[in-house]
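Worksheet: the structure to be examined is printed underneath.
The values are calculated or read from the model by the stated rules, or taken from the named source; none is laboratory data. Bear in mind that the values here come from a model prediction, so they are computed numbers and not experimental data. In this analysis, Cβ positions are derived from the backbone assuming ideal geometry, glycine residues included, and neighbour counts consider all displayed protein chains.
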Amino acid sequence: METHLLEDFAKRKRAKFFRQQTFFLVMVIIVLSALFGFLNPRFLSQGNLLAVFQQIAVLGIATMSMTLLLISGGIDLSIGSMIGLSGVVICKMVMGGYATLPAVVIGFLLPVGCGLVNGIIVSKSKCIPLIVTLGMNYVYYGLALVISQGLFLSLKGKFTFLGRGRLGGVPISVVVLFVVVIAIHFLLRNTKFGRRLVVMGGNEQVAFLSGINVDRLKIANYTFSGALIGLASLVLVSRLGNILANAGEGYELRALASAIIGGVTFEGGRGSVLGAFLGVVLLGIVQNGLNILNVSSYFQTFTIGLIIVIAVVVSNLEKVRKT
Amino acid sequence: MQPVIVAEKVTKSFPGVQALKGVSLALSPGEIHCVVGENGAGKSTLIKILSGFLRPDSGTIAVNGRTFPYLTPHVAQSLGIQAIYQENILVPQMSVAENIFAGCEIASRLGIVNHRETLRRARTIMDSLGVTLPVEERVENLSVAEQQLVKIARAIAFEPRVLILDEPTAMFNVKETRMVLGLVESLAQRGIGIIYISHRLEEILTIAHYITVLRDGSQVACHHHRMERVDMNTLTREMAGKAVSAFQRSKASIEGEVILEVRDFRLTPQDDPLSLVLHRGEILGIAGLIGSGRTEIFQTLFGLWKKWSGEVWIKEKRVSLHSPQDAIRHGLGYITEDRQRTGLALGLSVAKNVTIPSLDDQFQGFFFPLREEYRIVEKYVEGLDIKTPSLEQEVRFLSGGNQQKVILARWLLKDAEIIIFDEPTIGIDVNAKGEIHRLIADLARQGKSVILISSENPELLALCDRILVVRHGKVVRELVGEEMNEENIISSAFGVTSDGDSSSIF
C-alpha cells in the first residue's frame, strides 16, 4: 500500500499524456513541419529551424509572462505597450548620450514598474484585470508616444549581443528563451510561489481561506510577469536596433493566443508551461513555413487566425462532449 | 369545494437521501395551507415537485381534477400554479412594470413592447393588491420587502389558481411582515389557493387554515388549524425526532483547559454581545436555523469580516484575527458549508488541495520536491481513508464525503487546534456521514477542539458536549447534559417560550 498510489499516479500520468492537448500539439507540429519540409526542403535546415526559434524568442518570453498571469486567474493586455515603452526609453537614453548599461537597466526596470502598478490596481480595486490592463495599455502606449514624439528611435548600433549575438552557433535570444521556459516550468511546478499561483487561479476563495495573502500574491505575480516583459523588450530592441512606440503592438494578443492554443484557460488554474511553449512554436512554424513558401503576409494573418480558432475549438471538444 | 391541487403519496429520493416519503396534501381555492419543518425536512422538495421543477419518484399530482404523474414548469404554469422562491428572480436594472411582465411582454404583433399599456396593467395589478409602488421605478432601488411585493405581483399577473410562497418574509421586519401576511390573506379571499412555507411559527399560526408538518421527508401531521387551534409546542414537538444517525459519541466532561474564549463579540453595533468558551478536546455545537447568523459569527471569528467589537483569547492570550492568515497562525481551521465553492479548488488535484496552507511548514526554502509532497499527503489519504484513484486526481471527481475528507486532511496537516465545521455533512450520503462523525469525534479525543455548526440536530446531539442555540445573531440558549434534546434545540431556535407562546415579533 505504501507505494501503491505513487506508482498508480505515474501510470495514469503516462496514459493521460496521450489524451492531452500537449500531445495533440506535438503531433500537429510534427505533421506541419513534415509538410513544409516536403514542399521546401530548406525549411528543415538547421539554419532555418534556429531562425524559427529566433523569430519566436520575444513572443515566447511574453507568452511565459501571460501564462503565469492566466494560470493565476489574471491577464495583462498592456504587455505590448510595455515593450514599446521600454524600447523607446532605451533608445532615447542611448541617443541622448547615456551609456548602454544604465539605459538597458532602466529599460528592463520600466516594465517591472508597469507590472507592479497593474498588480496594485487589479488587487486593490478588485476590478476585472481584463479591463484594467486594457486601459493601462493605452496609458503606457501614450507615454511611449510622448517620450518618442512618435519618431523612429535608434540604438545607434549598440547593444546587439542579446538579439543578434550567437553562442557556439546558437542565437543568444534562443538560449534566453529556453532558459526562461525551463525556469517558468519549474517555478509553477516546484516552488511555493508557483503553487500558490495555481491554487489562486483554481479558486481564489480557497486560497484566501487557506491563509494566502491573495492581494500580495497578485502584485508579486504582475511584477514578476513585468520583469519577463522587460526581458522580452530587451531582446526585441537589441534585435531590431531601432524602435517605434508601437513596436510591441499585438504581442499581448499573440501571447494570449499562444497560451490558449497550448491549453491554458481564461478561468485559471489550468494549463502547462510546456503547452504554452508548444503554442508559440506552432505559430512560429506556421509563419516561417508560409514565408518560405512565399505565401503573402495577408494570407498568413488569415491562416494564423484560423489556427487559433481551430485549436481552441478542438481543445474544447472534450468539454462539450462531457456536458 | 373541489380541491384545486391534490398531491397523493409523493416520494422523491436523491442519491443517498430519501427527501420525501409519501407526502399527501390537498388545497382548495381560498385556503392557506402552511408547511413547516426543520431545515432539510423536505419542504423545498415538495414545492419544487408541485411547481414542476422536480419529478417525483412515485405518487400523483392532480390539478383541477386531472391527474398527472409529474409536472413540468411549463405545464404547472399553464395550469395556474405559480411559485415564488427565496432566490431573486427579478432583473434589478428593469422597472417594476417590466419585471412583472418579463417573459409575457405586452407587445404588438411585430414584437414591439407597448410601454404605456405595460405600465397601466402593472398599476392595475398593484392597485388590486392594495399596494402603492411606483411601477416605473427600477427594482434595484426598492427595499427587499418591496421587491418581494413585486415578485408576488409578477405571480399574480399570471392569474394563478395556486400560489406557492417559500419563506416570503425571511428577511423582513415586523411591519413588512404584517404587510405581506395581510396581502397573502387578501389573495386567499380572492379564491387563490396558497401554499405557504415559513420558519416563523408565529406567522403560520396567524394565517394558516391547514398546517402540514414534515420531518425527515415524512408527513408527521396535517392539522386543520381553524378547527383545532394548534399551538407552538405541538408543532415543535412534531418537528423534532428526526432519525438518529448510527454514530453516538460518549460525552466528555467540559472542564479543563480553555483553548478559545470570545468575549462581548459583536458583528455590528446593533448586535447583542456574544461570549463563548471552548475547552481542549471539546466539541461545541452551534444550532440555529439557516439565516440565524450562526455562519456569520464564525466567519467573522476566522477573520473573513470585520467585527464591530469584542475580544478573542486563545490559550489565555489575547489575539486579534484580522484575516484568515491570522486565524490560521493561531491554530484555527475553517471548513466552510459550501465545499464546492469555497472549500475546494475543484479543478486541482487532491494533493494540491491538501497542502495549500501548509507549504511553509512542510518545506524550507523556495523549491519543494513533488515526491516529498505526495509522501506527506499520502499519509493523510490513507489515514482518513480517502477514496481516490491517485493523488493527482482532480477533486471534482470525488464523492461528497471524500471531498470533505480532503478538506479535513488540509487542516490536519496544518495541525489546526481549533477546527470549525460548518454543515460538514450537507449533501453527503448516510454512510459517509457516519464516517465524518467518527472522524470529528476522533479529533476531540486527540485533544483538538471542535466547533460544529449544524442544522442536523441529531448530528449535534450525537457529537457535542455542549450546544449553543443561535437565533437572530445571538446565543439564546446553552444546552448542557440532560437539557440536550431535540425539542429544546428546536424551541429555542424557533423562539418558542416554555408556555408555548411566541417570544417574538407580534
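For region A:210-225, does any single residue satisfy the condition of being within 30 Å of A:Phe23 (Cα to Cα) and modelled with pLDDT under 95?
No, that holds for no residue.
Testing A:Gly241 on (1) in contact (Cβ under 8 Å) with a residue 24 or more places away in the chain; (2) within 14 Å of chain B (Cβ to nearest Cβ), one condition comes back false. Which one is that?
Exception for A:Gly241: condition (2).
Looking only at region B:199-229, how many residues end up being modelled with pLDDT under 85 and either farther than 28 Å from B:Glu459 by Cβ or part of a helix (DSSP H, G or I) (or both)?
7
How many residues does region A:224-275 contain that are of a type in the set (Ser, Thr, Tyr) and closer than 25 Å to A:Val309 by Cβ?
Keep residues of region A:224-275 that are of a type in the set (Ser, Thr, Tyr), which gives A:225, A:233, A:238, A:251, A:258, A:265, A:272.
Now narrow it down to the ones that are closer than 25 Å to A:Val309 by Cβ: A:251, A:258, A:265, A:272.
Number of matching residues: 4.
Identify all residues within region A:163-204 that are among the β-branched types (Val, Ile, Thr) and either more than 27 Å from B:Glu372 (Cα to Cα) or within 13 Å of chain B (Cβ to nearest Cβ) (or both); write none if there are none.
Residues satisfying the conditions are A:Val170, A:Ile172, A:Val174, A:Val175, A:Val176, A:Thr191, A:Val198, A:Val199.
Any residue in region B:124-151 that is within 15 Å of B:Arg178 (Cα to Cα) sitting within a Cβ distance under 9 Å of a residue that is surrounded by 15 or more Cβ atoms within 10 Å (Cβ to Cβ) and among the charged types (D, E, K, R)? List the pairs, counting only those 6 or more apart or interchain.
From residues that are within 15 Å of B:Arg178 (Cα to Cα), the pairs are B:Val131/B:Glu146; B:Val144/B:Glu176; B:Ala145/B:Glu176; B:Glu146/B:Glu176; B:Gln148/B:Glu176.
Based on this model, can you work out whether A:Ala220 counts as in contact (Cβ under 8 Å) with a residue 24 or more places away in the chain, within 14 Å of chain B (Cβ to nearest Cβ), part of a helix (DSSP H, G or I) and farther than 17 Å from A:Ile83 by Cα?
yes
Among the numbered criteria (1) assigned to a loop (DSSP other than H, G, I, E, B); (2) on the phi < 0 side of the Ramachandran plot; (3) within 14 Å of chain A (Cβ to nearest Cβ), which one does B:Asp415 miss?
Looking at each condition in turn, B:Asp415 falls short on (2).
Checking B:Leu20 against (1) within 25 Å of the chain's Cα centre (by Cα); (2) within 30 Å of B:Ala145 (Cβ to Cβ), which single condition isn't satisfied?
Tallying (1) within 25 Å of the chain's Cα centre (by Cα); (2) within 30 Å of B:Ala145 (Cβ to Cβ), B:Leu20 fails exactly one: (2).
For region B:1-42, how many residues are closer than 24 Å to B:Ser186 by Cα and either touching a residue at least 60 places away in the same chain (Cβ under 8 Å) or touching a strand residue (DSSP E or B) at 6+ places or on another chain (Cβ under 7 Å) (or both)?
The qualifying residues number 17.
Residues that are surrounded by 16 or more Cβ atoms within 10 Å (Cβ to Cβ) and either touching a His at 6+ places or on another chain (Cβ under 9 Å) or not aromatic (Phe, Trp, Tyr) (or both): list the strands (runs of 3 or more DSSP E) wholly contained in region B:56-115 that include at least 1 such residues.
B:58-63, B:81-84
Quick check on my filter: what residues within region B:84-102 are among the aliphatic types (A, V, I, L, M) and touching a Pro at 6+ places or on another chain (Cβ under 9 Å)?
Matches in region B:84-102: B:Ile84, B:Val96.
Can you name every residue in region A:140-193 that is of a type in the set (Gly, Ala, Ser), under 17 Å from A:Ser65 (Cβ atoms) and in contact (Cβ under 8 Å) with a residue 60 or more places away in the chain?
The answer is A:Ser173, and nothing else.
Check A:Tyr98 against each of (1) among the hydroxyl-bearing types (Ser, Thr, Tyr); (2) under 16 Å from the mean Cα position of the chain (by Cα); (3) not in a helix (DSSP H, G or I) and name the one condition it does not meet.
Looking at each condition in turn, A:Tyr98 falls short on (2).
Would you point out which residue out of B:Ala157, B:Ala170 is assigned by TED's automatic domain parsing to the domain that holds B:Glu105, closer than 23 Å to B:Leu27 by Cα and surrounded by fewer than 22 Cβ atoms within 10 Å (Cβ to Cβ)?
Numbers: B:Ala170 fails: closer than 23 Å to B:Leu27 by Cα.
Only one candidate passes the filter, namely B:Ala157.
Go through the residues of region B:265-272 one by one and say whether even a single one is over 25 Å from B:Ile490 (Cα atoms) and either in a helix (DSSP H, G or I) or over 27 Å from the mean Cα position of the chain (by Cα) (or both).
Looking for residues that are over 25 Å from B:Ile490 (Cα atoms) and either in a helix (DSSP H, G or I) or over 27 Å from the mean Cα position of the chain (by Cα) (or both), one finds none in region B:265-272, hence no.
I need the full set of residues from region A:127-147 which are farther than 15 Å from A:Gly113 by Cβ and either among the polar types (S, T, N, Q) or touching a Cys at 6+ places or on another chain (Cβ under 9 Å) (or both), in order please.
A:Asn137
I'd like to know if region A:127-144 contains one or more residues that are at pLDDT below 95 and either outside any helix (DSSP H, G or I) or within 14 Å of another protein chain (Cβ to nearest Cβ) (or both).
Yes, the conditions are met somewhere in region A:127-144.
Could you tell me how many of the residues in region A:205-217 are facing chain B (nearest Cβ under 9 Å) and either part of a helix (DSSP H, G or I) or surrounded by fewer than 21 Cβ atoms within 10 Å (Cβ to Cβ) (or both)?
6
Scanning region B:96-123 for residues that are in contact with a Ser or Thr (Cβ under 7 Å, 6 or more places away or on another chain) and hydrophobic (A, V, I, L, M, F, W, C), which turns out modelled with the lowest pLDDT?
B:Ile106
When you scan region B:277-385 for strands (runs of 3 or more DSSP E) that lie fully inside it, which ones turn up with 2 or more residues that are away from every other protein chain (no Cβ under 11 Å) and out of contact with any Phe, Trp or Tyr (no Cβ under 9 Å at 6 or more places or on another chain)?
Working: elements: B:283-287, B:309-314, B:317-319, B:332-335.
Answer list for region B:277-385: B:283-287, B:309-314, B:317-319.
Filter region B:157-177 down to residues that are part of a helix (DSSP H, G or I) and within 23 Å of B:Val135 (Cβ to Cβ), then give me how many there are.
Residues flagged as part of a helix (DSSP H, G or I) and within 23 Å of B:Val135 (Cβ to Cβ) within region B:157-177 amount to 3.
A quick yes/no check of all residues on (1) within 30 Å of B:Phe172 (Cβ to Cβ); (2) surrounded by fewer than 20 Cβ atoms within 10 Å (Cβ to Cβ); (3) in the same structural domain as B:Leu452 (by TED's automatic domain parsing); (4) without any contact (Cβ under 8 Å) to a residue 40 or more places away in the chain:
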{"site": "B:Ser292", "(1), (2), (3), (4)": "yes, no, yes, no"}
{"site": "B:Gly303", "(1), (2), (3), (4)": "no, no, yes, yes"}
{"site": "B:Lys306", "(1), (2), (3), (4)": "yes, yes, yes, yes"}
{"site": "B:Glu311", "(1), (2), (3), (4)": "no, yes, yes, no"}
{"site": "B:Asp326", "(1), (2), (3), (4)": "no, yes, yes, yes"}
{"site": "B:Ser349", "(1), (2), (3), (4)": "no, no, no, no"}
{"site": "B:Phe366", "(1), (2), (3), (4)": "no, yes, no, yes"}
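So if I check each of B:Gly40, B:Gly80, which one is at pLDDT 90 or above and closer than 30 Å to B:Leu205 by Cβ?
B:Gly80
Taking region B:4-17 as the search range and keeping residues that are of a type outside the set (Phe, Trp, Tyr) and at pLDDT below 90, which one is nearest to the chain's Cα centre (by Cα)? Please lay out each step first, then the result.
The initial filter retains those residues of region B:4-17 that are of a type outside the set (Phe, Trp, Tyr), namely B:4-13, B:15-17.
Now drop any that are not at pLDDT below 90, which leaves B:13, B:15-17.
Numbers: B:Ser13: 19, B:Pro15: 19, B:Gly16: 19, B:Val17: 17 Å.
Taking the candidates together, the pick is B:Val17.
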